[in-house]
2 protein chains.
Amino acid sequence: MKLGVGQMAPRVTENEGNIARLKAILKEADEKDIDVLVLPELLNSGYVFETEEEVEEAAESIPEGRASKLLLAWSEKDRLVVAGLCERADNGIFNSAAVFAKGNHVTTYRKIHLFQNEKDWFQPGNEEPPVVSYDGHRYGVMVCFDWAFPEVARILALKGAEVILHPANLVLPYCQRAMITRSIENGVFTATANRIGTERDVTFTGNSQITNPRGELLTQMSEEKAGVGWAEIKPEEALDKMMTDRNHLFTDRRPSLYSRITQVPDD
Amino acid sequence: MKLGVGQMAPRVTENEGNIARLKAILKEADEKDIDVLVLPELLNSGYVFETEEEVEEAAESIPEGRASKLLLAWSEKDRLVVAGLCERADNGIFNSAAVFAKGNHVTTYRKIHLFQNEKDWFQPGNEEPPVVSYDGHRYGVMVCFDWAFPEVARILALKGAEVILHPANLVLPYCQRAMITRSIENGVFTATANRIGTERDVTFTGNSQITNPRGELLTQMSEEKAGVGWAEIKPEEALDKMMTDRNHLFTDRRPSLYSRITQVPDD
């Protein structure tokens, strides 16, 4: 199975240009025969908003919007794609990751950990991150800053994700390395599709990557160049949770001792 | 404050030699004016047991045992030390980390995630890992393979640990890098004291290290040489949980969405 990560530079206010850039990436992914494709966060809108109007004009309904329709069409040839979209919904605007497979809109995850000024523009999601079944394997979805909360990848893995699909717009220098730890501690593949470029005063770090369950980098893209990176993987390798011949990453857990994780701390 | 990690090579069946090695490390830590010292796991016993007799002969009561008494004495000069000890208790033998400060036995943590053949020799601990207050700061304790379970460092940080003290006998290549992620995701210092040497067929990886809350390596020792590494730190830097000017590592968490973490999975 060919797992791909698309790296590109959406730009605020250039909604038409963002659609063109998405088309170019989908074409490259098509040429490279990608089976499961991850694209960056907020690819229909860009990231560094200055006004609510900019957000609202870029936001789209899922799956009726322009980017959604392109993604849906791309997925028709027995493929899965997850993409970060600025989503307009009845109850607000969300920083979402939409999953399309075989011509269907499978699910939308609304980011639960908002980063920096995203708090001005988006409502936080209020649902556990999802795992979707596709072609006999299970794929978890998280978005960008979710990486900093080990609970998210853990939950996805506990729900059976073999591969974590991770649209991102990264600016801090930590995530790519942290995803290696996420792979190892959960015994999963991860695919982080990051954006590139400088938008207003913010520079994104590229280096989109794919890791395997032993934390090895299967591919890592450049800091600056758009395109599609990929790796041939066997998702079922992630079903083996034995870190050693006597240590199972999940059954060795001690959930009865972890209750503090779900408690709201005192003020 | 001078935070130290002691690196040494305890050996199975050489109980007298292990005491001598401990004395040498404590002397070096004394000469280096270490304030808070972390020593490796199972330093009174070695690691690669072949018989129960080897474990039983090495195990000691805490704080009555020989290594405990040396540690207790070292801690008298307004210092804290945590050391991995093979512990004999009324209800079994444990892979423990004992904390001594200012001439007192403060607490003992019994490792809750046993690695490989440790499952043959030790009972697992059944209590949440502890945080101790010392000189106005808070120190969390975990042992070796606990690193692989992000819940442990998370719990320690949520309990207020500014510094995680981490005795270890590491054989896998993952932990040192993972502790960088533990630092970043929890905004804490970590001090991993690893052992060195080859015992029977097992080689330990050394590279004892200290990280700061931004995941920077403040010191990292060699793979093979015994001694005491250290870093001058201000533990209170770990009280600042702002990863950005608008992202607090703890209040940004969504504990109501993390309940799966504490559920026992179905068979």
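The values are calculated or read from the model by the stated rules, or taken from the named source; none is laboratory data. A quick note: this is a predicted structure, and the numbers were derived from the prediction, not measured. Glycine gets a Cβ as well: all are built from the backbone with ideal geometry, and neighbour counts include every protein chain shown. What goes into the accessible areas is simple: the full protein's heavy atoms, side chains included, and nothing from ligands, DNA or RNA. Shrake-Rupley method; radii C 1.70, N 1.55, O 1.52, S 1.80 Å.
What accessible surface, in Å², does a 1.4 Å probe find on A:S222, ignoring ligands, DNA and RNA and rounding to the nearest 10?
50 Å²
Between copies, how close do the B:K23 label points come, placed 7 Å along Cα→Cβ, listed in nm from shortest?
Spelled out, the distances from B:K23's label point are 8.1 nm.
Roughly how big is the A-B contact, given as buried accessible area in Å² (both sides, 1.4 Å probe, nearest 100)? Intermediate results must be reported in sequence, preceding the final value.
On the way: alone 12450 and 12460 Å², together 19930 Å².
Counting protein atoms only, the buried area is about 5000 Å².
Here are some pairs, A:K111/A:K241; A:K2/A:K102; B:K23/B:K225; B:K159/B:K241; B:K77/B:K102; which of them have Cα atoms lying more than 18 Å apart in this structure? Mind dumping the intermediate values first?
Working: A:K111/A:K241 27 Å; A:K2/A:K102 16 Å; B:K23/B:K225 16 Å; B:K159/B:K241 13 Å; B:K77/B:K102 6 Å.
Those over the limit are A:K111/A:K241.
When N counts the residues of chain B, how does its alpha-carbon radius of gyration compare numerically with 2.2 N^0.38 Å, as a ratio? Numbers along the way, then the final one.
Details: Rg = 17.5 Å, N = 267, 2.2 N^0.38 = 18.4 Å.
For chain B, the normalised Cα radius of gyration is 0.95.
Taking each residue in B:169-176, count the Cβ atoms of any other chain within 10 Å of its Cβ, then average. What number comes out? Mind dumping the intermediate values first?
Working: counts 0, 0, 1, 5, 3, 8, 2, 0.
Neighbouring Cβ atoms belonging to other protein chains average 2 per residue here.
To two decimal places, what compactness ratio does the protein assembly as shown give when its Cα radius of gyration is scaled by 2.2 N^0.38 Å?
Working: Rg = 24.6 Å, N = 534, 2.2 N^0.38 = 23.9 Å.
Cα Rg divided by the expected 2.2 N^0.38 Å: 1.03.
Mind checking the per residue accessible area of chain B for me, 1.4 Å probe, whole number of Å²?
Numbers: 9970 Å² over 267 residues.
Heavy-atom accessible area per residue stands at 37 Å².
How large is ³J(HN,Hα), in whole Hz, for each residue of region A:4-14 in order, when computed from phi with the Karplus curve 6.51 cos²θ - 1.76 cosθ + 1.60 and θ = phi - 60°, using x for Gly and Pro?
Karplus-based 3J(HN,Hα) across region A:4-14 equals x, 10, x, 10, 7, 10, x, 9, 3, 6, 9 Hz.
Choose one answer from A:H113, A:H248, A:H166: the residue with the largest mean-square fluctuation in a GNM of chain A with alpha-carbon springs under 10 Å.
Answer for the Gaussian network model of chain A: A:H248.
Share of antiparallel DSSP beta bridges in region B:2-240, in percent to the nearest 5? Numbers along the way, then the final one.
Details: 34 of 51 bridges.
Around 65 percent antiparallel, to the nearest 5.
Using unit Cβ charges (K, R positive; D, E negative) and no other charged atoms, how large, in debye to the nearest 20, is the dipole of region B:2-240 about its Cα centre?
Numbers: 25 positive and 38 negative charges, 106 e Å.
Magnitude of the dipole: close to 500 debye.
In a GNM of chain B with a 10 Å cut-off on Cα contacts, which of B:R110, B:R200, B:R138 has the highest mean-square fluctuation?
B:R200
What percentage of the solvent-accessible surface of region B:120-267, computed with a 1.4 Å probe over protein heavy atoms, is contributed by carbon and sulfur atoms? All intermediate terms of the calculation are to be shown ahead of the outcome.
Details: 2560 of 5540 Å².
Carbon with sulfur: 46 percent of the solvent-accessible area.
How far, in nm, would the chain grow between A:V202 and A:E223 when pulled straight, counting 0.36 nm per residue and subtracting the alpha carbon separation?
Numbers: separation 21, 0.36 × 21 = 7.56 nm, distance 1.41 nm.
Gain in length upon complete extension: 6.2 nm.
Might you report the magnitude of the Cβ-based charge dipole of region B:176-248 about its Cα centre, with Lys and Arg at +1 and Asp and Glu at -1, to the nearest 20 debye?
Numbers: 9 positive and 11 negative charges, 24 e Å.
About 120 debye.
Would you kindly find the accessible area of B:R11, with a 1.4 Å probe and non-protein molecules such as ligands, DNA and RNA excluded, rounding to the nearest 10 Å²?
Its heavy atoms expose roughly 80 Å² to the probe.
Quick check: the angle from helix A:175-186's long axis to the longest principal axis of chain A, C-alpha only, nearest 10 degrees?
With both axes taken from Cα atoms, the answer is about 40 degrees.
Pulled fully out, how much extra length does the chain show between B:K234 and B:E16, if you take 0.36 nm times their separation in residues and subtract their Cα-Cα distance? Intermediate results must be reported in sequence, preceding the final value.
Details: separation 218, 0.36 × 218 = 78.48 nm, distance 3.68 nm.
That pair, B:K234 and B:E16, stretches by 74.8 nm at full extension.
Using helices alone, I'd like the mean residue ellipticity at 222 nm for the protein assembly as shown: each DSSP H run of four-plus residues gives -39500 (n - 2.57), total over residue count, nearest 500.
On the way: 12 runs with 118 residues, N = 534.
Here the helix-only value at 222 nm equals -6500 deg cm²/dmol.
Rolling a 1.4 angstrom probe over the protein chains, ignoring ligands and nucleic acids, what is the accessible area of B:K225 in square angstrom, nearest 10?
For B:K225, solvent-accessible area is about 140 Å².
Along the charge dipole of chain A, Cβ charges K/R +1 and D/E -1, which of A:G92, A:A59, A:I34 sits furthest on the positive end?
Ranked along the dipole, the leading option is A:I34.
Can you tell me the orientation of helix A:66-75 relative to chain A, as the angle in degrees between its alpha-carbon axis and the longest Cα principal axis, to the nearest 10?
Value to nearest ten degrees: 50.
Which value, to two decimals, describes the C-alpha radius of gyration of region B:1-150 once divided by 2.2 N^0.38 Å?
On the way: Rg = 14.4 Å, N = 150, 2.2 N^0.38 = 14.8 Å.
Here the Cα radius of gyration is 0.97 times the empirical estimate.
About its Cα centre, how strong a charge dipole does region A:64-206 have in debye, to the nearest 20, once Lys and Arg get +1 and Asp and Glu get -1 at the Cβ? Provide the component values of the computation, followed by the final result.
Details: 16 positive and 16 negative charges, 49 e Å.
It comes to approximately 240 debye.
Distance from a point 7 Å along Cα→Cβ of A:Q263 to each backbone N in region B:148-164: keep the residues under 11 Å and list them by number.
Output list for this probe position: B:158-160.
Choose one answer from B:M221, B:M243, B:M142: the residue with the largest mean-square fluctuation in a GNM of chain B with alpha-carbon springs under 10 Å.
Looking only at B:M221, B:M243, B:M142, the largest GNM fluctuation is found for B:M243.
So, in nm, how far is label B:K159 from label A:K159 when the simple model puts each one 7 Å beyond its Cα toward the Cβ?
Result for the modelled spin labels: 3.0 nm.
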